[in-house]
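Beneath this line is the structure, given in structure tokens, with notes to follow.
The values are calculated or read from the model by the stated rules, or taken from the named source; none is laboratory data. This structure is a prediction, so every number in the text was calculated from the model and none was measured. Reconstructed Cβ throughout: ideal geometry from the backbone, glycine too, with neighbour counts over all protein chains shown. Remember, those area values only see protein heavy atoms, side chains included, never the ligands or the DNA or RNA. Shrake-Rupley method; radii C 1.70, N 1.55, O 1.52, S 1.80 Å.
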Amino acid sequence: ARVPAPAVVLLPGWGWPSRDAPVPQPCPVGSWRGGGSAGRVPCFRCASGLTTAGTGSTERAACRAGPGYYLGDQAGARTCPAGTYQPGLTTDEQAVACLPCPAAGFTTDGAGATSAAACNVLLAGWGLASPGVAAQCSLGRYSAGGVGATCAPCPWGLTTREVGSTDEAQARRPA
């Protein structure tokens with residue numbers, strides 16, 4: 001008669017990578033498992049967009065939003081919108097939003113930025129005053145924005161009616 005193999009009770013942070021695997025393994029990045037389970041049970045995956053800091057995570061709370069994301073709700077991570085960034089794994093205290101670009105007049109090229117260095121795109125109506133410093137375009141000048149944008153002068157004899165103009169089409173004859 002065949003003797004059945006003894007049941008394996010998993011330690012926290014361990015699971016079976018597949019039903020055919022010869023031994024359990026630490027839960028991979030992006031998954032977790034509490035302890036005490038017997039049988040060939042896999043690790044639980046973190047919710048959509050969430051990950052863990054390393055292998056062998058032991059609780060769902062270890063699932064965090066990765067760089068460029070924040071915890072929008074328990075359903076998963078949300079991408080940081082343009083003009084914000086998130087450099088690391090966000091914790092519950094950081095869950096509500098990403099960090100805003102630190103300097104006035106700058107934004108990111110799109111969503112999902114992972115560092116303040118990505119805040120290098122000037123907003124429309126802003127121009128580079130000096131390296132890393134932006135200023136709103138003064139009267140008589142405009143800028144469509146972009147990396148390295150400067151405020152261009154209106155055509156001769158024309159001016160803008162407001163600071164921060166974004167297009168030459170906003171130029172008018174002085175009143």
* Taking all protein chains as present, what is the carbon and sulfur share of the accessible area of the stretch 29-175, in % to the nearest whole number, probe 1.4 Å? -> 54 percent
* Structure fact -> Out of Thr114, Pro24, Gly148 - ranked by how far each Cα lies towards the positive end of the dipole of the chain, with unit charges on the beta-carbon of charged residues - the top one is Pro24
* To do: Send over the semi-axes of the chain's equivalent ellipsoid, whole angstrom and largest first, taken as the square roots of 5 times the C-alpha gyration tensor eigenvalues.
  => 57, 12, 11
* Asked: Along the stretch 30-41, what does the Karplus equation 6.51 cos²θ - 1.76 cosθ + 1.60 (θ = phi - 60°) give for ³J(HN,Hα), rounded to whole Hz, x for Gly and Pro?
  -> x, 8, 7, 7, x, x, x, 7, 9, x, 8, 9
* Asked: GNM on the chain, C-alpha springs below 10 Å: top fluctuator among Thr52, Thr160, Thr79?
  -> Thr160
* So how exposed is Ser48, as accessible area in Å² (1.4 Å probe, rounded to 10)? -> 90 Å²
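Translational diffusion coefficient of the stretch 10-62 at 37 °C, 0.692 mPa s, Stokes-Einstein with Kirkwood Rh over Cα pairs, in µm²/s as a whole number.
D = 307 µm²/s.
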* **Separation between Cα centres of the stretch 47-89 and the stretch 124-160, rounded to whole Å** => 37 Å
* Asked: Which ³J(HN,Hα) values in Hz, rounded to whole numbers, follow from the phi angles of the stretch 157-162 under the Karplus curve 6.51 cos²θ - 1.76 cosθ + 1.60, where θ = phi - 60° and Gly and Pro get x?
  -> x, 10, 8, 9, 8, 9
* Whenever you get a sec, line up Trp14, Trp126 from highest to lowest accessible area (probe 1.4 Å, protein heavy atoms). => Trp14, Trp126
* **Phi to ³J(HN,Hα) by Karplus 6.51 cos²θ - 1.76 cosθ + 1.60 over the stretch 139-156, Hz, x for Gly, Pro** => 4, x, 9, 8, 7, 7, x, x, 5, x, 5, 10, 7, 8, x, 5, x, 3
* When the Cα atoms of the stretch 20-121 are enclosed in a convex hull and the volume is divided per residue, what value in Å³ results? -> 103 Å³
* **Highest-fluctuation residue, Tyr69, Tyr85, Tyr142 considered, GNM on the chain with Cα pairs under 10 Å** => Tyr142
* To do: Taking Cβ-Cβ under 4.7 Å as the only way to count a partner, pick out the unpartnered cysteines of the chain.
  => Cys154
* For the stretch 79-175, evaluate the Debye formula with one uniform point scatterer on each Cα (no solvent term) and list log10 I(q)/I(0) at q = 0.26 Å⁻¹, rounded to two decimals. => -1.16
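Could you report the chain's accessible area per residue, 1.4 Å probe, as an integer in Å²?
Values: 10450 Å² over 175 residues.
Each residue of the chain exposes 60 Å² on average to a 1.4 Å probe.
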* Asked: Looking only at Pro87, Pro153, Pro22, which one moves most when the chain is put into a Gaussian network model with springs between Cα atoms under 10 Å?
  -> Pro22
* Compactness relative to 2.2 N^0.38 Å, alpha carbon Rg of the stretch 118-175 -> 1.09
* To do: Taking amide H positions as placed in the peptide plane 1.01 Å from N, state which residues far from Cys137 in sequence (5 or more) or on other chains have amide H under 5 Å from it.
  => Trp126, Gly127, Gly164, Ser165
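By how many nm would the segment from Ala61 to Trp156 lengthen if fully extended, with 0.36 nm per residue of separation less the alpha-carbon distance? The partial results should precede the final answer.
Working: separation 95, 0.36 × 95 = 34.20 nm, distance 6.22 nm.
Separation in residues times 0.36 nm, less the Cα-Cα distance, equals 28.0 nm.
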